[in-house]
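Below you'll find the structure, written out as structure tokens, and then a few comments.
The values are calculated or read from the model by the stated rules, or taken from the named source; none is laboratory data. Predicted model, so just to flag it, every value in this text is computed and none were measured. Methodologically, a virtual Cβ is constructed for each residue, glycine included, from the backbone with ideal geometry; neighbour enumeration extends over all protein chains shown.
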Amino acid sequence: MQTRAVAVSTTRTPILQFRALWLTALAMVLVLAQVIAAQAKPESLAPLAEKISPSVVNITTSTVVAGNTGPQGIVPEGSPFEDFFRDFQDRNNNGDRPRRSSALGSGFVISEDGYVVTNNHVIEGADEITIEFFNGKELDAKVVGTDPNTDIALLKVEADGPLPFVPFGNSDAARVGDWVIAMGNPLGQGFSVSAGIVSARNRALSGTYDDYIQTDAAINRGNSGGPLFNMDGEVIGVNTAILSPNGGSIGIGFSMASNVVNRVVKQLQEYGETRRGWLGVRIQDVTPDIAEAMGLEKATGALVTSVPEGPAMEAGMKDGDVIISFAGVDVADTRGLVRQVGNSPVGEAVRVVVFRDGKTVTLKVTLGRREEAEGAVPAVAKGDGPEQAPEATKEVLGLTLAPLTDEMRSELGVSDDLVGLAVGAVDESSEAFEKGLRAGDVITEAGQQKVATISDFEQRVAEVKEAGRKSLLLLVRRGGDPRFVALGIAD
């Protein structure tokens, strides 16, 4: 037994030693690979800057403006010398004379035949547009089309030969922390490069179709319309705005994502205008209390507050529906739905799944064109049956309510046939006040059913309590604009 034990011990020792040596060698190989990879990275951004610079352009616009608009073109706007030069102009009787004003911006070439992308606000209202290339050559440009919604403009120049250009990259692939380069004409100083990282994604500022990349790469006035590059030399954003208390860069800049810009540019090239899909509904986000009031498992989707005449109405969509899926894609919120609809082709038939009365309903909607419908006024809800006899006011859930009368309709400026309850006062200590209800609001639905009398309203409250729910969903109209509000029901 002892001999066998010794034999086993002497056999395993070399195996253990071999494993240790193998692990040590593997660790050394990994360290060496990291060193080689680090050395393979460029020590400078100069090669990339040299590669992409010929495709970046400075843009100068010229516009004839009326007098008395300040000393533009002499000193920067907001300068401490601005008042001095304005007085000087006035004394020399130059204030009332029309004059030519210049503005500066940036852009980039996207095709060898001379298409140039920039911001709409850079060229808006311009009489003349001049493009200056990196080599100093200048060409006149014409506007192909603009999209104020995304602040994008497409220009065209005629050159003697093919122009250097840059491609669009996939902005969805950009990660927070990735290196980026911004190029442009900051403060009229000429071609300039700044570097930073992607600070955040999917930022929204004020537009319907906003999808901004936030970056700390220096962006200043004059950078507008210039490109934001990834390390492969692809455009992943168009530098559009900065957040700053003083007008200069503080490291918070915003570039419209290239995936948005690319779609807009393709439409401007083909049609000279944008053609976005239109569903034809007014919507609001689903909050947790609204979800609870409607029996939804999650606070997701887009709640339909109004369905005017249009594609959605023709497909059978109703007020109070919650859109939970559009064209096979789950709807997270109103912003996501608006962007998805806008990116869909006009005339396309899509399947829209809505949550209605505790179950899902699938509708087939043929999308219209948003640009043609933007001036349309949504239809207001119509009342059922004749106007009810006036009732005395009564306070319910912190709201002093009274049925609408002709006199009230006139005072509130609502449709003559709108039926509902007018809010005369709101208890400032109530949840209704916290949720934004105010005197002058009109409640047309409670519990997703129309209400014309106070007794209707009280019945809805009782039904909600009986069903074991904690909140009552109200459809409230203010100045004709509808929105849903969920109010808690006390036990």
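Inclusion of Glu50 among residues that are acidic (Asp, Glu), at pLDDT 90 or above and part of a helix (DSSP H, G or I) is warranted.
Report yes if some residue within the stretch 249-258 is surrounded by 16 or more Cβ atoms within 10 Å (Cβ to Cβ) and either on the phi > 0 side of the Ramachandran plot or assigned to a loop (DSSP other than H, G, I, E, B) (or both); otherwise report no. Yes, that holds for at least one residue. The residue list Gly398, Gly420, Gly424, Gly436 contains one member that is touching a helix residue (DSSP H, G or I) at 6+ places or on another chain (Cβ under 7 Å) and of a type in the set (Gly, Ala, Ser), which is Gly398.
Taking Gly225 as the residue in question, decide whether it is in contact (Cβ under 8 Å) with a residue 24 or more places away in the chain, under 21 Å from the mean Cα position of the chain (by Cα), assigned to a loop (DSSP other than H, G, I, E, B) and within 23 Å of Val57 (Cα to Cα).
Working: in contact (Cβ under 8 Å) with a residue 24 or more places away in the chain: yes; under 21 Å from the mean Cα position of the chain (by Cα): yes; assigned to a loop (DSSP other than H, G, I, E, B): yes; within 23 Å of Val57 (Cα to Cα): yes.
Yes: the conditions hold for Gly225.
Where residues in the stretch 441-454 are touching a residue at least 24 places away in the same chain (Cβ under 8 Å), over 32 Å from the mean Cα position of the chain (by Cα) and not in a loop (DSSP other than H, G, I, E, B), which of them is farthest from Leu421 (Cα to Cα)? My answer is Lys450.
When Asn149, Asn135 are screened for being farther than 27 Å from Val338 by Cβ and in a loop (DSSP other than H, G, I, E, B), only Asn135 passes.
Among the residues of the stretch 316-352, those that are in a loop (DSSP other than H, G, I, E, B) and either among the small types (Gly, Ala, Ser) or on the phi > 0 side of the Ramachandran plot (or both) comprise Gly316, Gly320, Ala327, Gly328, Ala332, Ser344, Gly347. Scanning the stretch 406-438 for residues being touching a residue at least 24 places away in the same chain (Cβ under 8 Å) and closer than 19 Å to Phe457 by Cβ gives a total of 19. The residues of the stretch 456-491 that are free of Cβ contacts under 8 Å to residues at least 40 places away in the same chain and assigned to a helix (DSSP H, G or I), listed by number, are Asp456, Gln459, Arg460, Ala462, Glu463, Lys465, Glu466.
For the stretch 290-320, a tally of residues being over 25 Å from the mean Cα position of the chain (by Cα), surrounded by 18 or more Cβ atoms within 10 Å (Cβ to Cβ) and in contact (Cβ under 8 Å) with a residue 60 or more places away in the chain returns 2. Of the candidates Asp427, Asp417, the single residue that is more than 30 Å from Asp357 (Cβ to Cβ), among the acidic types (Asp, Glu) and surrounded by fewer than 21 Cβ atoms within 10 Å (Cβ to Cβ) is Asp427.
Against the test of being under 14 Å from Val56 (Cβ atoms) and small (Gly, Ala, Ser), the options Ser199, Ser194, Ser171 yield a single qualifying residue, Ser194. How about the stretch 254-276: which of its residues are farther than 20 Å from Val144 by Cα and in contact with an Asp or Glu (Cβ under 7 Å, 6 or more places away or on another chain)? Hit for the stretch 254-276 is Ala257, nothing else.
Contact map, the stretch 156-180: residues that are in contact (Cβ under 8 Å) with a residue 40 or more places away in the chain and of a type in the set (D, E, K, R) paired with residues that are in a loop (DSSP other than H, G, I, E, B) and buried (at least 18 other Cβ atoms within 10 Å of the Cβ), Cβ distance under 7 Å, separation 6+ or inter-chain. Pairs shown: Lys156/Gly114; Glu158/Gly114; Asp178/Asn230.
Here's the yes/no breakdown for (1) surrounded by 17 or more Cβ atoms within 10 Å (Cβ to Cβ); (2) among the charged types (D, E, K, R); (3) modelled with pLDDT under 85:
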site	(1), (2), (3)
Arg99	no, yes, yes
Asn119	yes, no, no
Ile123	yes, no, no
Glu128	no, yes, no
Lys137	no, yes, no
Pro148	no, no, no
Leu155	yes, no, no
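Quick check, is Ile213 closer than 24 Å to Ser325 by Cα, free of Cβ contacts under 8 Å to residues at least 60 places away in the same chain and crowded, with 22+ Cβ neighbours inside 10 Å? First the steps, then the outcome.
On the way: closer than 24 Å to Ser325 by Cα: no; free of Cβ contacts under 8 Å to residues at least 60 places away in the same chain: yes; crowded, with 22+ Cβ neighbours inside 10 Å: yes.
Spelling it out, it is not the case that Ile213 is closer than 24 Å to Ser325 by Cα, free of Cβ contacts under 8 Å to residues at least 60 places away in the same chain and crowded, with 22+ Cβ neighbours inside 10 Å.
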